[in-house]
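Novice: Supplied in structure tokens, the structure appears directly below.
Since every read-out is calculated from the coordinates, none of them should be taken as a lab result. Not measured: the values here are computed from a predicted model. All Cβ positions, glycine included, derive from the backbone under ideal geometry; neighbour counts span all protein chains shown.
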Number of protein chains: 2
Amino acid sequence: MATDHQTASTTTMLRVMNERAVFGEIFRLGPVSRPELAQATGLSKPTISVALANLGRAGLVREVGLRAGPAGRSAVLYEARPEAGWVLAVDIGRSFVRLVLANLAGTIVTRIDDPSGSRNPTDLLAQLTGLADRLTAQVGITRADVTLTVFGTPGIHDKETGSLHLAPNLPGWDLPGAVDRFSVVSPSPYLVENDTDLAAVGEATHGLGLGVAHFAYMSIGTGTGMGIVIDGKLYRGARGCAGEISYLPIGEGDPLQDDPAATRRGMFETVASADGIVAAAQRLGWTKATSAKEVFDAARAGDPIAQRAVEVEVNHVAHALAAVTAVLDLELIVLGGGVGVQGGDLLIGPIQDRLRHLVALQPPRIEVSSLGADAVLDGAVAVGVTAARDLVLDRTVAANA
Amino acid sequence: MATDHQTASTTTMLRVMNERAVFGEIFRLGPVSRPELAQATGLSKPTISVALANLGRAGLVREVGLRAGPAGRSAVLYEARPEAGWVLAVDIGRSFVRLVLANLAGTIVTRIDDPSGSRNPTDLLAQLTGLADRLTAQVGITRADVTLTVFGTPGIHDKETGSLHLAPNLPGWDLPGAVDRFSVVSPSPYLVENDTDLAAVGEATHGLGLGVAHFAYMSIGTGTGMGIVIDGKLYRGARGCAGEISYLPIGEGDPLQDDPAATRRGMFETVASADGIVAAAQRLGWTKATSAKEVFDAARAGDPIAQRAVEVEVNHVAHALAAVTAVLDLELIVLGGGVGVQGGDLLIGPIQDRLRHLVALQPPRIEVSSLGADAVLDGAVAVGVTAARDLVLDRTVAANA
DNA sequence: GAAATTCGTAATGGACCTTTACGAACCCGT
DNA sequence: ACGGGTTCGTAAAGGTCCATTACGAATTTC
């Protein structure tokens with residue numbers, strides 16, 4: 001058991017803690033009065049006043065009008081200064097790169113979606129830098145004013161070597177130091193997170209995972225992946241590889257597994273991703289099947305071969321979720337990715353039935369993501385905002401010291 | 001993301017926090033002087049003195065001799081008063097119940113191992129109450145002086161209904177309210193934890209999991225189970241069913257799965273537990289095989305059928321660990337239980353090889369438990385000690401208020 | 001326009017911790 | 001044995017932070 005022995009504190013640390021609490025409540029409650037903050041934090045009115053004065057002097061908080069009550073003097077409302085910090089969130093997707101700029105409240109101010117060009121480090125970084133320039137210019141700042149940048153990428157970021165593993169679609173990014181070059185996009189500190197993990201955070205912040213302690217976001221599309229939220233926090237695993245469900249040992253005996261490349265790609269991904277569905281349909285007799293969407297549409301129209309292919313997919317996903325349930329006992333699985341979103345209506349019910357037969361435990365709820373493709377960006381903003389708030393607060397504390 | 005918004009604090013809470021920190025350091029460092037405590041906590045010497053005075057007045061801490069240094073006045077040493085609190089740990093095992101009494105430092109003072117008799121609630125509780133009486137008498141206290149009791153049981157404790165699920169070997173304990181009857185064993189508060197989970201905590205505290213952030217204890221014996229430690233803390237899952245790997249969908253196609261009871265018992269447990277090994281050996285031609293130990297011994301002696309049966313087991317366990325690795329990306333798997341301990345030498349190497357073929361990720365280290373059957377009790381003591389320390393401290397705070 | 005109500009802050013006091021200072025206790029060498 | 005050097009423990013003083021109380025300011029209602 002990690003012995004993070006309880007740390008002792010001095011009076012000055014107390015004020016820092018309380019200022020942090022006040023700052024957090026301001027975000028949580030929106031424009032808010034002093035009495036409301038006192039109520040929310042349990043601190044006294046004078047203490048709130050002092051904290052607000054400090055936060056205001058540091059440029060983190062500002063007055064924003066009055067609130068008239070049913071009786072009595074109107075209260076001054078406070079809110080976080082939008083320009084106290086900026087978060088740049090970047091989703092390096094398959095066919096698009098998407099960038100948004102958000103303020104510390106998590107409000108997205110501008111956004112650019114740009115088709116992916118060449119994705120080697122040099123070209124991609126040039127593209128991102130240009131887009132970041134355009135984005136920041138739209139709100140009258142420069143890249144240097146960004147507090148924190150979050151990059152959502154496929155694969156696993158190895159901080160030791162600065163390289164990206166398991167991301168075959170990003171050529172050249174697996175070389176040592178490649179990821180470190182993200183620093184050219186903005187001089188701010190930056191975080192690199194797996195895109196599926198960020199989508200899970202997005203669901204936890206704005207989506208179906210709101211208020212759910214333990215859940216996972218399962219993405220099925222061109223590939224497969226899972227972002228796991230445990231105790232409300234993203235779980236990354238010992239080396240950042242948690243949720244790499246492509247490698248679940250599922251689908252043994254399926255003819256697709258005969259391909260020697262199947263193991264390298266991962267057994268589950270080989271059979272359950274979009275082209276696994278297509279291959280299943282072809283094998284079942286629909287030789288001209290080309291896309292998973294097509295298979296789902298045909299199944300909805302009553303085509304028996306397509307329906308049989310969907311059944312195969314259901315079986316694979318149910319096995320994967322059986323493994324996840326046996327290990328993690330989650331409350332909820334949010335289904336995302338191309339297959340998850342397009343086929344969710346066909347899949348969820350049968351998966352739940354199958355799952356109940358596979359494990360004698362209470363299975364998790366299964367639902368289709370409500371955020372769609374924006375889940376990654378939402379998660380990136382959420383991750384960035386919490387980290388950026390800490391950054392600006394730390395600066396304030398350092399300045400007051 | 002669970003919004004456990006940072007909580008604000010007042011000055012009085014500061015002293016409580018610091019007293020807690022001092023108390024914790026006393027346990028961590030053993031007999032310790034005031035200057036050492038000041039160093040360890042970062043607090044000043046006078047503050048340490050005040051804290052020790054309070055803890056002493058509450059009977060939690062006492063002086064214990066002097067330490068002479070190379071020069072200068074000798075420092076007074078302090079230690080936790082052994083009789084400040086007692087933890088009763090109970091392991092309700094298959095063929096034995098084991099009870100230990102430990103002080104707040106986690107030192108086991110007395111122990112009783114007693115063969116299991118009838119295991120229905122009434123008989124088992126009578127047995128436990130009698131044993132608790134004997135145990136407490138040995139140190140001159142009564143059951144009423146126990147601060148906290150921890151029961152390690154198979155199955156899952158459902159706090160809503162007070163019943164024990166998934167524990168077929170404890171007849172009658174699945175009825176609502178059965179578990180609540182544990183209160184007759186001692187008037188103290190009590191905790192009920194899954195035995196495998198406790199073993200994981202034991203490994204984390206005294207065993208191979210020491211200092212490892214993310215690992216799991218995998219028990220294979222009569223049944224199968226897994227205790228998962230994430231971020232140094234036991235992970236229980238949404239309903240306490242995390243680590244119920246019996247239900248991993250592994251071994252499909254194995255003839256054992258034809259039995260309709262297999263699903264209820266769990267696919268993995270059916271094929272991989274001790275009798276699964278025996279059945280495999282029988283099917284391979286050794287019809288008079290009776291125990292897993294026998295199979296392992298024969299395999300070591302070179303018997304080809306036994307070796308083949310071990311290979312089957314290796315394959316099943318490797319598949320289970322592949323699933324766990326793909327989902328959780330752990331650093332370490334500690335192997336325990338009868339099969340794990342007796343067959344570990346034969347299993348670990350081949351499992352690792354097989355695992356490397358199944359997943360293209362870096363597999364976890366695999367090692368055999370060094371604690372053996374005591375892991376459960378060690379974990380129960382560890383869980384109980386941390387909870388009991390909080391209890392006695394809370395009482396002190398309440399008394400001082 | 002007065003009563004009632006709510007807000008904001010000034011003043012006071014208390015709780016906690018640290019720093020400084022000094023006496024107490026102990027070692028060692030002569 | 002005794003004095004110098006060193007470490008320990010606590011007393012005194014000072015500073016920071018927060019809560020309570022009190023009161024003036026601002027606003028609504030009647």
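Novice: In nm, one decimal, shortest first: how far is the label point of A:GLY211 (7 Å from Cα along Cα to beta carbon) from the matching points in the other copies?
Specialist: 4.4
Novice: Whole number please: convex hull volume per residue, Cα atoms of the stretch A:11-80, in Å³. Before the final figure, lay out each step's value.
Specialist: Working: hull volume 5.8 nm³, N = 70.
For the stretch A:11-80, the hull spanned by Cα atoms encloses 83 Å³ per residue.
Novice: Principal axis extents for chain B, Cα atoms only, whole Å, descending order, please.
Specialist: 76, 48, 46
Novice: Helix-only mean residue ellipticity at 222 nm, the protein assembly as shown, DSSP H runs n ≥ 4 weighted -39,500 (n - 2.57), per residue, nearest 500. What is it? Before the final figure, lay out each step's value.
Specialist: Numbers: 24 runs with 346 residues, N = 802.
So the calculated ellipticity at 222 nm is -14000 deg cm²/dmol.
Novice: Could you please state, rounded to a whole Å, how far the C-alpha centre of the stretch A:128-198 is from the C-alpha centre of the stretch B:59-124?
Specialist: After rounding, the separation between the Cα centres reads 52 Å.
Novice: Let me ask something additional. Counting only other chains, what is the mean number of Cβ atoms within 10 angstrom of the Cβ of each residue in peptide B:326-337? Walk me through the numbers on the way to the answer.
Specialist: Values: counts 18, 18, 12, 12, 5, 3, 1, 0, 0, 0, 0, 0.
Mean inter-chain Cβ contacts per residue within 10 Å come to 6.
Novice: Please list log₁₀ I(q)/I(0) at q = 0.15, 0.18 Å⁻¹ for the stretch A:323-401, using the Debye equation with identical point scatterers on the alpha-carbon positions.
Specialist: Values returned for q = 0.15, 0.18 Å⁻¹ are -0.68, -0.82.
Novice: Would you mind giving the three semi-axes, in whole Å and largest first, of the ellipsoid equivalent to the stretch B:208-370 according to its Cα gyration tensor? The partial results should precede the final answer.
Specialist: Values: eigenvalues 131, 63, 38 Å².
Working from the Cα gyration tensor, I get semi-axes of 26, 18, 14 Å.
Novice: Test of the criteria: in the stretch B:218-273, which GluC sites (Glu not before Pro) are in a DSSP loop and have at most 16 other Cβ atoms within 10 angstrom of their Cβ? Write down the numbers at each step before the final one.
Specialist: Numbers: sites: B:GLU244, B:GLU252, B:GLU269; in loops: B:GLU244, B:GLU252.
Passing sites in the stretch B:218-273 are B:GLU252.
Novice: OK, next. Give the separation of the Cα centroids, the stretch B:22-49 to the stretch A:297-356, in Å.
Specialist: 57
Novice: Still on this structure, I have one more. Quick one: Cα centre-to-centre distance for the stretch B:207-265 and the stretch A:256-285, in angstrom?
Specialist: Result: 28 Å between the Cα centres.
Novice: Got a sec? How would B:ILE245, B:ILE348 order by Cβ neighbour count within 10 Å, fewest to most?
Specialist: Details: B:ILE245 28, B:ILE348 19.
Least crowded to most crowded, the residues run B:ILE348, B:ILE245.
Novice: Listing A:ILE220, B:ILE112, B:ILE48 from the residue with the fewest other Cβ atoms within 10 Å to the one with the most, what is the order? It would help to have the intermediate numbers written out before the result.
Specialist: On the way: A:ILE220 32, B:ILE112 16, B:ILE48 24.
The most exposed by this proxy come first: B:ILE112, B:ILE48, A:ILE220.
Novice: Here's a follow-up. Quote the FRET efficiency, to the nearest 0.05, computed for B:ARG356 versus A:ASP303 with a Förster distance R0 of 56 Å and r equal to the Cβ-Cβ distance.
Specialist: On the way: r = 41 Å, r/R0 = 0.74.
About 0.85, to the nearest 0.05.
Novice: How do A:VAL212, A:VAL16, B:VAL87 rank when sorted from fewest to most other Cβ atoms within 10 Å of their own Cβ? Don't skip to the end; give the middle numbers.
Specialist: Details: A:VAL212 21, A:VAL16 16, B:VAL87 29.
In order of increasing Cβ crowding within 10 Å: A:VAL16, A:VAL212, B:VAL87.
Novice: Same structure, new question: Of all DSSP beta bridges in the protein assembly as shown, what percent run antiparallel (nearest 5)?
Specialist: Details: 66 of 104 bridges.
Of those bridges, close to 65 percent are antiparallel.
Novice: Amide H to amide H under 5 Å from B:ASP329: which residues, 5+ apart in sequence or cross-chain, H placed 1.01 Å off N in plane?
Specialist: A:GLY243
Novice: Next question. I need the phi-derived Karplus couplings for the stretch A:96-111: 6.51 cos²θ - 1.76 cosθ + 1.60, θ = phi - 60°, integer Hz, Gly and Pro marked x.
Specialist: So the Karplus estimates, Gly and Pro as x, are 9, 9, 10, 10, 10, 10, 10, 8, 5, 7, x, 7, 7, 9, 9, 8 Hz.
Novice: Using only atoms on other chains, find how many Cβ atoms lie within 10 Å of each Cβ of peptide B:205-216 and report the average. Write down the numbers at each step before the final one.
Specialist: Values: counts 2, 1, 0, 0, 2, 3, 3, 3, 3, 6, 1, 1.
Per residue, the number of nearby Cβ atoms from other chains is 2 on average.
Novice: In a Gaussian network model over chain A where Cα atoms closer than 10 Å are linked, find which of A:LEU101, A:LEU377, A:LEU328 has the largest mean-square fluctuation.
Specialist: A:LEU328
Novice: Averaged over its residues, how many other protein chain Cβ atoms are within 10 Å of peptide B:226-235's Cβ atoms?
Specialist: On the way: counts 2, 0, 4, 2, 8, 7, 4, 5, 1, 7.
Taking the mean over all residues of the peptide, I get 4.
Novice: To check you understand DSSP bridge types, tell me what percent of the beta bridges within chain B (both residues inside) are antiparallel, rounded to 5.
Specialist: Just about 65 percent of them are antiparallel.
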